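Worksheet: one structure, shown below.
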Amino acid sequence: MKAFDFDKLNKRNSRNAAAVLRSFIEIEVNEYSMSDIIQFLNHSSIGEELELTDHFIIRKNEDEVLVFNETTEMFVKNPEDYRVYVEISSLIYLMNQYMSQGLRKIDSLLKLN
């Protein structure tokens, strides 16, 4: 499994992307939902979406998904600034890192500390 590329995430998204991705991981990823999320990431069709507790994931193409929080989007001036396009392999890597090493590792990978 390849590692996470912060620079690639940063180039593709707004400056809020890392915080949105952290929020997704902290709220949605746990031992009960992780397998459902990975199942969706590996087997969904383009355009298919998964609604979770506070976030949505939409399959954009073979390699990438869009992650966003619908509630946040209702209250911000530029909702597109709070959407994150991320490679599927990178998202799976981050979720695995979170489950094995915790939120501090995610903060480090996303350069939030």
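Yes or no: Ser108 assigned to a helix (DSSP H, G or I), farther than 17 Å from Asp7 by Cα and hydroxyl-bearing (Ser, Thr, Tyr)?
No: the conditions fail for Ser108.
Report, ordered by the first and then the second residue, all pairs with beta carbons closer than 7 Å, sequence separation of six or more or different chains, a first member in segment 86-100 that is in contact (Cβ under 8 Å) with a residue 24 or more places away in the chain, and a second member that is assigned to a strand (DSSP E or B) and crowded, with 20+ Cβ neighbours inside 10 Å.
Filtered contacts from segment 86-100: Val86/Val65; Val86/Val67; Ile88/Val65; Leu91/Val65.
Filter segment 69-100 down to the residues that are of a type in the set (Val, Ile, Thr) and in a strand (DSSP E or B) and list them by number.
Val84, Val86
Might you let me know whether segment 89-111 holds any residue that is closer than 16 Å to Arg12 by Cβ, open to solvent by 70 Å² or more (accessible area, probe 1.4 Å) and in contact with a Ser or Thr (Cβ under 8 Å, 6 or more places away or on another chain)?
No, there is no match, as no residue in segment 89-111 is closer than 16 Å to Arg12 by Cβ, open to solvent by 70 Å² or more (accessible area, probe 1.4 Å) and in contact with a Ser or Thr (Cβ under 8 Å, 6 or more places away or on another chain).
Report, by residue number, each residue of segment 5-22 that is buried (at least 18 other Cβ atoms within 10 Å of the Cβ) and out of contact with any strand residue (DSSP E or B) (no Cβ under 8 Å at 6 or more places or on another chain).
Hits for segment 5-22 are Ala18, Arg22.
From the residues in segment 24-35 that are under 15 Å from Ile106 (Cβ atoms) and open to solvent by 40 Å² or more (accessible area, probe 1.4 Å), which one is modelled with the lowest pLDDT?
Only one residue fits best here, namely Asn30.
Cβ-Cβ below 6 Å, separation at least six or inter-chain, first residue in segment 54-66 and basic (Lys, Arg), second surrounded by fewer than 20 Cβ atoms within 10 Å (Cβ to Cβ) and not in a strand (DSSP E or B): which pairs?
Pairs that qualify, where the first residue is basic (Lys, Arg) and the partner is surrounded by fewer than 20 Cβ atoms within 10 Å (Cβ to Cβ) and not in a strand (DSSP E or B), are Arg59/Ser44; Arg59/Ile46; Arg59/Glu48.
Given the conditions (1) open to solvent by 80 Å² or more (accessible area, probe 1.4 Å); (2) over 14 Å from the mean Cα position of the chain (by Cα), and given that Glu73 satisfies all but one, which numbered condition is not satisfied?
If we test Glu73 against (1) open to solvent by 80 Å² or more (accessible area, probe 1.4 Å); (2) over 14 Å from the mean Cα position of the chain (by Cα), just (1) comes out false.
Restricting to segment 36-50, name every residue that is under 15 Å from the mean Cα position of the chain (by Cα) and open to solvent by 70 Å² or more (accessible area, probe 1.4 Å).
Hits for segment 36-50 are Asp36, Gln39, Asn42, Glu49.
The values are calculated or read from the model by the stated rules, or taken from the named source; none is laboratory data. Nothing here was measured: the structure is a model prediction, and the numbers come from that model. FYI the Cβ positions are ideal-geometry reconstructions off the backbone, even for glycines, and counts take in every protein chain you see. We work out accessible area using only protein heavy atoms, side chains counted, and drop any ligands, DNA or RNA first. Shrake-Rupley method; radii C 1.70, N 1.55, O 1.52, S 1.80 Å.
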